[in-house]
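Input: a single structure, listed below in structure tokens.
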Amino acid sequence: MAKFSGAKVWIDGPGAVPGLSIQAQDVSAEDLPAGYLLVKTEYSSINYKDAIAITGRGKILRSFPLTPGIDFAGEVVHSHSEKFKVGQKVFATGQGFGEKLSGGLATYCIAVEDKILAVPDAWKPKQTMILGTAGFTAGLAALRMQQVEHTSDSGYISGPILVTGASGGVGSIATALFAKLGFEVWALSSKKTRHTYLKSLGARKVMTPEEFFSQELKTVDRPRALEKGVLGGVVDNVGGELLSKLIPFVNLWGNVASIGLAAGAELSSTVMPHILRGVSILGISSTNCPPHLREKVWELLAKNFSPEDLEGFIEEVVPLSEVFRVSTELLDRKRSRRTLVQI
Ligand SMILES: NC(=O)c1ccc[n+]([C@@H]2O[C@H](COP(=O)([O-])OP(=O)(O)OC[C@H]3O[C@@H](n4cnc5c(N)ncnc54)[C@H](OP(=O)(O)O)[C@@H]3O)[C@@H](O)[C@H]2O)c1
């Protein structure tokens, strides 16, 4: 019998404000079904989705009570699995943790073996959580582009990759990853204070969205259906009006990796970029990524990021008791890069 304590989101009666408490209960490792593991959590992280779940600003947790935390990494302490041994370092991102299944913001996590991966040799559990779902999603965007021959040496797709919401978790890792993959990266961030940092990650140009539209392109509020094709592609974390306004600037056969909706879920566009320039929107769904692609993405990330590279993405490492504060700050756009939770 192990003592479990985790962050639980509670709702106290109809119309009440959701909040967060730390609760403790016993967890019995002996009751694990076949194929399941008990993992002693070392690190989790705060993604946009976690912040919404923890603050109750949207419906992420599908049932109550449920432990939030879509990512976790740690050590196997009990195994009813052929694939993983006690003492092995493992991690998981997305796949329903912290949404439908109890997640990583707890001292122990129970998980089925199919959702678990071994920590890559060169890394420790902490490094997998520096990337977490945010890094996985940036990697999935790169992989999806590779699948349609959109590489830095493509013979027929040219122009920079523009990353929106670049100071955030996904955005900062995407900026660094696409630069490492040989692309010219333009980072779009409304946080001027982060512009130097984004350059240090490899961005050739860093601009606010307003600067992009007014200085770079000298355009009016609403772009035409097709503008000058100055972008090779977009890695978009923001959605809404910004994405709608960027698509007309994508060059021949360029691709838009649609990741996020930080500014809104709407998309207003015409078919012209798609039928006249071959521009495609690649949907990025980290939660539903099939296992063979999931492994490829982690191989890509492990190949491109050393443990030293990864340390630079950390904004703050906090204990469980601080997750409500940092989640609120993340949604209020007062944070950037990655927030880790040390359990
Ligand atoms: N598709 C998937 O599988 C998947 C996976 C992970 C995340 N996501 C989504 O991707 C987005 C980014 O996630 P994250 O974890 O990187 O979040 P994050 O760390 O909070 O970063 C989001 C960034 O977007 C920009 N932003 C935030 N609110 C905005 C607004 N109202 N208008 C314009 N820009 C805004 C900010 O960048 P600047 O201040 O630099 O402009 C912010 O740093 C979220 O929408 C998240 O839900 C999707």
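Numbers at a glance
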| quantity | calculated |
| --- | --- |
| Contour excess over end-to-end distance, with Cα ends at residue 40 and residue 329 and 0.36 nm allotted per residue | 101.3 nm |
| Distance-filtered residues of the stretch 38-63 - backbone nitrogen under 15 Å, label point 7 angstrom along residue 100 Cα→Cβ | 60-63 |
| Rg ratio (alpha-carbon, reference 2.2 N^0.38 Å) - the stretch 244-329 | 1.51 |
| If the convex hull is drawn through the Cα atoms of the stretch 211-283, its volume per residue in Å³ | 80 Å³ |
| Ellipticity estimate at 222 nm from DSSP helix runs (n ≥ 4, -39,500 (n - 2.57)) divided over the chain, nearest 500 | -7500 deg cm²/dmol |
| Ranked 279, 326, criterion: other C-beta atoms within 10 Å, fewest first | 326, 279 |
| Given charges at beta-carbon only (K, R positive; D, E negative), |dipole| of the stretch 134-283 in Debye | 280 debye |
| Kirkwood Rh and Cα Rg combined as Rg over Rh, evaluated for the stretch 161-305 | 0.96 |
| Fully extended contour minus Cα-Cα distance, from residue 118 to residue 147, at 0.36 nm per residue | 7.9 nm |
| Peptides ranked, highest mean first, by Cβ atoms within 10 Å: ranges 280-289, 119-128, 249-258 | 249-258, 119-128, 280-289 |
| Relative exposure of 80, 292, 150, judged by other C-beta atoms within 10 Å (fewest first) | 292, 80, 150 |
| With at most 13 other Cβ atoms within 10 Å, longest stretch of the chain clear of loop GluC sites (Glu not before Pro) (DSSP) | 150-265 |
| Computed over the stretch 78-218, Kirkwood Rh from alpha-carbon pairs, angstrom | 17.3 Å |
| Per-selection metrics, the stretch 31-160 (Cα): Rg and Dmax in Å | 16.8, 56 |
| Descending semi-axes in Å of the chain, equivalent ellipsoid built from Cα gyration tensor | 36, 22, 17 |
| Filtered trypsin sites (Lys or Arg not before Pro), the stretch 196-242: DSSP coil and at most 14 other beta carbons within 10 Å | 204, 218, 224, 228 |
| Residue-span extension gain [residue 215 to residue 252] - 0.36 nm each, minus C-alpha spacing | 11.0 nm |
| Modelled label reach - residue 208, point 7 Å along Cα→Cβ, the stretch 248-265 residues with backbone N closer than 16 Å | none |
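Any read-out appearing in this document is the output of simple, stated calculations on the displayed coordinates, not a laboratory observation. Keep in mind the model is a prediction, meaning the values are calculated, not measured. Reconstructed Cβ throughout: ideal geometry from the backbone, glycine too, with neighbour counts over all protein chains shown.
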